[in-house]
Amino acid sequence: MDRNQIAWLASSARARYRSGDYQRAASEYREAIAIAERTPDFPLSEFSSLLNGLGVVCKYLGWFEEGERTYRRALAMLEQALGPDHCELATLYHNLGGLEHARGRYAEGEPFARRSVEIREKALGPDHPDVAADLEALAAILDGQRKFGESEALHLRAIAIFEGTYGPDHFEAGMILSNLGALKQAQGKLEEAKPLHLRALGIKERCLGPSHPSVGITVNNLALLDQAQGNRAEAIAGFERALSILEPALGPKHPHVAACKAAYFKSLLE
């Protein structure tokens, strides 16, 4: 009975995560982990998967310390059981890098991201979609350090793999287009950034629906672009839509919400 309950909770938590209901996803992952801890001979791979799921949700909620503890616990368990170069460890290195990216600690995240690429590429080959996801995570971390030469090449390599595997309208392609738009924005290439953000927004809305937090992030990026271009009315409308999506999902104290509010008030006062 305990294992059935764990399976139900894990399935529900994954569904809530996909829909952007991160608060309830975290609650269900925690409940599943607590039951698994007292279940004799619970499979290690399933337990680490629960920990990883909770870590992902913690990142999106801004609960960085809990997310790091959770990822590191899973990593230590798998490394002891499977060895340091097993492909399953790449996911945890990828996610530890993503956590540091969300914290704005890009240099600290780079070794984790490079390790995930190294492990996965060796196991799966250079053109596997999972390798592309690792390449994109590393590129985003390099963007944060303004290492744009290497990062742009990685973005382009990753999107070529995803589009070649899944087609041009896959969700992962939308995520990369959003990151490429942010890169062009950071370089001051605003006219090149806008079509990338708009295409990313269209893909995300089709794949996730109009109220998903990931859609809110792209709407916020477009509003920032309008703000930089002096399009005040468009920027204000964009920030208002982004806040209507992000604040209920992430809470008023989340870094993304705080940054969006600051930019919104700046536009109001201009």
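Each reported figure results from applying straightforward, stated rules to the coordinates on display, with no laboratory input. Owing to the predicted nature of the structure, the values given are computational and were not obtained by experimental measurement. Cβ sites come from the backbone with ideal geometry, for glycine too, and all protein chains shown count toward neighbours.
Listed values, structure above:
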quantity: Electrostatic dipole magnitude of the stretch 64-149 [Cβ: Lys, Arg +1; Asp, Glu -1; Cα centre; debye, to 20]; calculated: 220
quantity: Charge dipole (the chain, unit charges on Cβ, about Cα centre) - positive-most of L269, Q145, V56; calculated: L269
quantity: Computed over the stretch 85-167: relative contact order in percent, which uses C-alpha pairs under 8 Å that are six or more apart; calculated: 28
quantity: Residues M77, M175 arranged by fewest to most Cβ contacts within 10 Å; calculated: M77, M175
quantity: Highest-first arrangement of 253-259, 185-191, 92-98, 243-249, where packing means the average Cβ count within 10 Å; calculated: 92-98, 243-249, 253-259, 185-191
quantity: Cα lying deepest toward the dipole's positive end in the chain, options N179, A90, N221, charges on Cβ; calculated: N221
quantity: Note, ³J(HN,Hα) from phi for the stretch 35-43, Karplus 6.51, -1.76, 1.60, rounded to Hz, x at Gly and Pro; calculated: 5, 4, 5, 9, 9, x, 6, 5, x
quantity: Label point at L82 placed 7 Å out along Cα→Cβ; residues across the stretch 19-49 whose backbone nitrogen lies under 18 Å; calculated: 42-49
quantity: Choice from I141, I159, I236 with maximal GNM fluctuation in the chain (Cα, 10 Å cutoff); calculated: I236
quantity: Spin-label model distance (nm) - R38 vs L124, 7 Å beyond Cα toward Cβ; calculated: 3.7
quantity: Cα long-axis angle, helix 171-186 against the chain (0 to 90 degrees, to the nearest 10); calculated: 50
quantity: Shape of the stretch 116-166, Cα gyration tensor, a/c cut at 1.5; calculated: oblate
quantity: Which of L44, F239, L99, positive extreme of dipole for the chain (C-beta unit charges); calculated: F239
quantity: Label selected from (i) 16.6; (ii) 14.1; (iii) 14.9, the criterion being mean projected area of the Cα convex hull in nm² as computed here; calculated: (ii)
quantity: Ranked by how many other beta carbons lie within 10 Å on average, peptides 52-60, 105-113 from highest; calculated: 52-60, 105-113
quantity: Charge dipole (debye, nearest 20) of the chain; +1 at Cβ of Lys and Arg, -1 at Cβ of Asp and Glu; calculated: 600
